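The structure appears right after this line, and notes come after that.
The values are calculated or read from the model by the stated rules, or taken from the named source; none is laboratory data. Computed from a predicted model, the values in this text were never measured in an experiment. Every residue, glycine as well, gets a Cβ built from its backbone with ideal geometry; the counts of neighbours run over all protein chains shown.
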Amino acid sequence: MKIKSLDDLFVHELKDLYSAEKQMVQGLQKLAKKASREELRTAFEQHL
């Protein structure tokens, strides 16, 4: 995507942030499933 305006830049940055958030959620879900301590599992789940 060529960035030709501030609007294009804004949309591009929003897409990057959304992608990062989705990756973080997936990572936290995996960590919560693999956590051996309930306290740790709860901490991961609270951040979802």
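Across segment 1-15, the number of residues qualifying as assigned to a loop (DSSP other than H, G, I, E, B) and surrounded by 10 or more Cβ atoms within 10 Å (Cβ to Cβ) comes to 1.
Under 13 Å from the mean Cα position of the chain (by Cα) and either modelled with pLDDT of 95 or more or in a helix (DSSP H, G or I) (or both): is that true of Lys30 in this structure?
Yes; evaluated as a whole, the condition is true for this residue.
The residue pairs whose first member lies in segment 16-27 and is farther than 14 Å from His47 by Cα and in a helix (DSSP H, G or I), whose second member is modelled with pLDDT of 95 or more and small (Gly, Ala, Ser), and whose beta carbons are closer than 7 Å, counting only pairs six or more residues apart or on different chains, do not exist in this structure.
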